[in-house]
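Asker: I have a structure here, written as structure tokens, and I will follow up with some questions on it.
The values are calculated or read from the model by the stated rules, or taken from the named source; none is laboratory data. Quick caveat: nothing in here was measured; it's all calculated off a predicted structure. No Cβ is skipped: glycine too gets one built from the backbone with ideal geometry, and neighbour counts run over all protein chains shown. Each accessible area value is taken on the protein alone, full model and side chains, heavy atoms only, with ligands, DNA and RNA left out. Shrake-Rupley method; radii C 1.70, N 1.55, O 1.52, S 1.80 Å.
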Amino acid sequence: GFTERHARLYQGFPMQKICQTTQRYPYPERPNHTKVSLFWGFSRDFASLFLDKLEEMNAEDLLQQEARRLTRDALLLTTTETPSGIVGHWGGEFVQAGPFKHHQTAEPVFVLTAQAVPVPSQGLTVYRHQNREGTGGFSVLPKAHRVKGAEPLYAQLKESVPPLQAICLYGSTEVERWLRGLGLSRMDDWQLPADLEDTYNTLVGYEPWPWWSGPDVALVMNPWPMMWPDDEVYPIAPAGLVAATLRDAEPYLQVWWSEASMGWWLDLKTT
């Protein structure tokens with residue numbers, strides 16, 4: 001019942017004769033005709049190795065299937081014109097200072113229209129500020145504030161393949177069953193074999209979103225989150241990564257939104 005792909009696993013495995021049977025045909029006209037059947041199989045050691053390889057192959061099939069199912073559409077926002085039309089702006093300065101008067105200075109990093117934001121909002125504004133107390137940082141507002149002297153941004157579709165950590169967390173019940181067979185839970189991706197993540201990345205063509213940077217790419221919308229060196233666990237729903245900057249990195253600015261609290265927040269990441 002093996003497929004041709006399964007059968008290829010037999011190549012290179014020593015076989016041994018298990019038993020031999022002799023069956024005499026009850027035909028009067030052929031009294032001396034017999035059928036000899038030889039049964040071949042693996043030695044115990046090689047049978048165990050074969051089953052291990054079969055389990056590994058089935059896991060690869062499962063991971064590929066889940067990666068295809070969970071792949072989602074992201075957007076690259078670029079300064080190169082596309083049919084999307086203008087969906088935001090990079091840099092520039094605010095037309096009205098009123099909403100930012102509690103800061104000493106406020107400079108836009110990027111402003112997006114509601115069309116480009118994959119969650120309910122009136123757009124998105126991320127800006128850098130300096131306070132009168134001498135402190136500063138970055139802030140996010142769920143509204144598109146008007147800017148001038150900024151570069152227009154256009155949208156370009158990009159597929160985002162989930163990392164292995166996302167497969168473990170959000171995969172089907174088959175993934176959960178596979179993990180349970182390894183003695184692991186959905187949160188135990190860090191206990192998987194060390195080389196499995198590299199194998200998975202090659203198998204499904206996974207690329208973390210910072211690899212998508214280019215001379216005309218400013219930021220990415222709706223990518224699968226990645227694990228950073230200082231992360232202890234993979235982000236868990238309902239927190240979702242809405243946008244992340246590629247231009248002027250490092251640091252990378254990540255904009256998060258929670259469907260549960262309807263709240264927004266920023267974090268800064270470096271490699």
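Asker: Give the residue, chosen from LEU192, LEU241, LEU268, LEU196, that is over 21 Å from ARG72 (Cβ atoms), touching a residue at least 12 places away in the same chain (Cβ under 8 Å) and in contact with a Pro (Cβ under 6 Å, 6 or more places away or on another chain).
Answerer: One residue alone meets the criteria, LEU268.
Asker: Please determine whether any residue of region 170-183 is part of a helix (DSSP H, G or I), farther than 27 Å from MET262 by Cβ, open to solvent by 80 Å² or more (accessible area, probe 1.4 Å) and in contact with a Leu (Cβ under 8 Å, 6 or more places away or on another chain).
Answerer: Scanning region 170-183 turns up at least one residue that is part of a helix (DSSP H, G or I), farther than 27 Å from MET262 by Cβ, open to solvent by 80 Å² or more (accessible area, probe 1.4 Å) and in contact with a Leu (Cβ under 8 Å, 6 or more places away or on another chain).
Asker: Among what's in region 241-258 and is loosely packed, with under 15 Cβ neighbours inside 10 Å and either touching a strand residue (DSSP E or B) at 6+ places or on another chain (Cβ under 7 Å) or β-branched (Val, Ile, Thr) (or both), pick the residue that is nearest to THR271 (Cα to Cα).
Answerer: Among residues in region 241-258 that are loosely packed, with under 15 Cβ neighbours inside 10 Å and either touching a strand residue (DSSP E or B) at 6+ places or on another chain (Cβ under 7 Å) or β-branched (Val, Ile, Thr) (or both), the one nearest to THR271 (Cα to Cα) is PRO251.
Asker: Would you pick out the residues in region 91-105 that are outside any loop (DSSP other than H, G, I, E, B) and modelled with pLDDT of 85 or more? Walk me through how you get there before you give the answer.
Answerer: Residues of region 91-105 that are outside any loop (DSSP other than H, G, I, E, B), as a first pass: 93-94, 98-100, 105.
GLU93, PHE94 - these are the residues of region 91-105 that are outside any loop (DSSP other than H, G, I, E, B) and modelled with pLDDT of 85 or more.
Asker: Considering each of TYR200, TYR234 in turn, give the residue that is in a loop (DSSP other than H, G, I, E, B), in contact with a helix residue (DSSP H, G or I) (Cβ under 7 Å, 6 or more places away or on another chain) and either within 23 Å of ARG128 (Cβ to Cβ) or among the aromatic types (Phe, Trp, Tyr) (or both).
Answerer: Going through TYR200, TYR234 in turn, the sole match is TYR234.
Asker: Sticking with this one: Only one of LEU77, LEU63, LEU112 is under 30 Å from GLU176 (Cα atoms) and either open to solvent by 70 Å² or more (accessible area, probe 1.4 Å) or aliphatic (A, V, I, L, M) (or both); which?
Answerer: The conditions single out LEU63.
Asker: Checking LEU157 against (1) open to solvent by 40 Å² or more (accessible area, probe 1.4 Å); (2) touching a Phe, Trp or Tyr at 6+ places or on another chain (Cβ under 8 Å), only one condition comes out false. Which one?
Answerer: Against the list (1) open to solvent by 40 Å² or more (accessible area, probe 1.4 Å); (2) touching a Phe, Trp or Tyr at 6+ places or on another chain (Cβ under 8 Å), LEU157 comes up short only on (2).
Asker: Let me ask another. Please work out which residue is farthest from the chain's Cα centre (by Cα), limiting yourself to region 145-188 and to residues that are among the hydroxyl-bearing types (Ser, Thr, Tyr) and under 24 Å from ASP216 (Cβ atoms).
Answerer: TYR154
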